[in-house]
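Quick notes on the structure that follows.
The values are calculated or read from the model by the stated rules, or taken from the named source; none is laboratory data. Keep in mind that what you see is a predicted model, and the values were worked out from it rather than measured. Every residue, glycine as well, gets a Cβ built from its backbone with ideal geometry; the counts of neighbours run over all protein chains shown. Surface accessibility is based on the protein's heavy atoms, side chains included, excluding ligands, DNA and RNA. Shrake-Rupley method; radii C 1.70, N 1.55, O 1.52, S 1.80 Å.
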Amino acid sequence: MTDIPPQSGTVADAQKGNWLDSYAPDWLKPYGRMARWDRPIGFWLLFWPCAWGIALAAVAFPEQGFGWWHAVLMLIGAILMRGAGCTFNDIVDRDIDMKVARTRSRPIPSGQVTAKQALVFLIIQTLLGALVLFQFNRFTVWAGVFSLVLVAIYPFMKRITWWPQLFLGLAFSYGALVGWTGETGTLGWAPILLYLGTILWVIGYDTIYALQDIEDDALVGVKSTARLFGDIVKPAVATLYVGAFVLWLAAAILAGGGFVYAILSLVGGGVLAWQVWTLDPADPHNPKPRFVINHYVGIAITLALMAEWVW
C-alpha cells in the first residue's frame, strides 16, 4: 500500500491529476480533500439511492412523471452532505487516521487543517445542505433531519461493533426513502424494500472497500465486516448482493413494475456478480476498482427503473 508523505498534500486514495489537485486554489485544497471532492465516487454512491427513490415513485405514480428538479437538488445535497459526513468522520477519527497508512495523509492528521477549522467547514456544509433540504415537503424535511442521527453515530461504530458497515448502510441508503418521499410526501412498502436492499448493497461494497485497510485496522483495533468475515468474505459479500438484488426487484414489482425492470436490472446484477467473482482479498490493489464500479450499478438500476416508468 502506497504511503504518501503528509507534506505532499495529496491523499493516498485520490486519483492522480484529479481536478482538485490540478486546478483548485491552494487554500481550498485541504478542505476539498476533507470533503472528498477529489474522490467523487462517494457522493455518487450517496446520490444513486435518491435517484432510485425518485424513479420508483415514477413507476408507482406514472402520471406524476420523473422528478428531474428534485434529482438535481438531491445531487447537490449528496455532494454537500457527503462532504459534511466525511469532515465529521475526519474530526472524530483524527487519532486513528494517524496510524493507518491510507489515511495519515488526510488534512487533519497531516496538519494541513486544524480540528477547529474542520468544524467550521462542517457547519458551513451542513447549513448549505439544510437550504437544499428545505426545498422539499415537510415529511421529507423531517426524514432528512432524522438521517443526521445516523450520520453522527457512524464514525463511532468501528470502535464498538464488528458491523460499522451496517450503520454506514443505514445512513448511505437513506436517499432511497428521501427520493420517494420527496415525490409522494408519504412512505410505503416499496421504498422500504428499496431501502433495505440498498443497505445490503452498501454493506457489501464497503466490506470490499475495507479490505484495503484490514491489516492496519487489526493493528489499531478498528472493527469491520471485512475483518469479521475473514476467509468467507467472498461468499458473505455475494449473499449481501443477492439479497440486495432480490429486494430491489421486490420493490419494483410492488410499485407496479415488471418485465422491463426485471430484464434491464440484470446489467446491474452482472456488475455485482463480477465484483465477487474477481475479488482477491489478498491483493491490496484489487478491492478499490471493485468498490468504484458500484457507480455503474447505480446507473444501471436508475435506468432500469426509468425504462419501466417510460414503458
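Backbone N atoms of region 281-300 closer than 18 Å to the 7 Å Cα→Cβ label point of K16 belong to residues 285-286, 288-289.
Across region 113-223, the relative contact order, built from alpha-carbon pairs under 8 Å that are at least six residues apart, equals 27 percent.
The alpha carbon convex hull volume per residue for the chain rounds to 121 Å³.
Estimated from the Cβ-Cβ distance and a Förster radius of 41 angstrom, the FRET efficiency linking D26 and I299 is about 0.75. Shape analysis of region 31-154 places it in the prolate category; the axes a ≥ b ≥ c from the Cα gyration tensor give an a/c of at least 1.5, with a/b above b/c. Maximal additional length on extending the A130-D95 stretch stands at 9.7 nm, based on 0.36 nm per residue less the C-alpha distance. Springs between alpha-carbon atoms under 10 Å, Gaussian network over the chain: tell me which of A252, A176, A152 tops the mean-square fluctuations. For the chain, modelled as a Gaussian network with Cα springs under 10 Å, the answer is A152. Note on L127: accessible area is roughly 110 Å² with a 1.4 Å probe, heavy atoms of protein only.
Accessible area per residue for region 58-195 is 46 Å², calculated with a 1.4 Å probe on protein heavy atoms, without ligands, DNA or RNA. Once you divide the Cα radius of gyration of region 10-82 by 2.2 N^0.38 Å, the number left is 1.41. Ranked from largest to smallest solvent-accessible area, with a 1.4 Å probe on the protein heavy atoms, Y154, Y195 come out as Y154, Y195.
Charges were assigned to the Cβ only: +1 to each Lys and Arg, -1 to each Asp and Glu. The resulting dipole of the chain about its Cα centre is roughly 420 debye. With respect to the chain, whose longest principal axis is taken over its alpha-carbon atoms, helix 233-254 is tilted by about 30°.
Taking each of K29/K158; K99/K223; K29/K223 in turn, the alpha-carbon distance tops 26 angstrom for K29/K158; K29/K223.
With bins 5 Å wide beginning at 0, the percent of Cα pairs of region 237-311 falling in each bin runs 3, 16, 26, 22, 15, 9, 6, 3, 1. Computing Rg and the Kirkwood Rh from the Cα coordinates of region 154-249 gives a ratio, Rg/Rh, of 1.05. Translational diffusion of region 103-193, estimated by Stokes-Einstein from the Kirkwood radius over alpha carbon pairs at 25 °C in a medium of 0.890 mPa s, is 162 µm² per second. Excluding ligands, DNA and RNA, the accessible surface per residue across region 202-247 is 39 Å² with a 1.4 Å probe.
With contacts taken as Cα pairs under 8 Å and at least 6 residues apart, the chain reaches a relative contact order of 22 percent. Only protein atoms count toward the accessible area here, which uses a 1.4 Å probe; on region 230-309, the carbon and sulfur part of that area reaches 76 percent. Against the criterion of solvent-accessible heavy-atom surface with a 1.4 angstrom probe, K116, K288, K16 sort, most first, into K16, K116, K288. Exposure check, 1.4 Å probe, all protein chains in place: H295 carries approximately 40 Å² of accessible surface.
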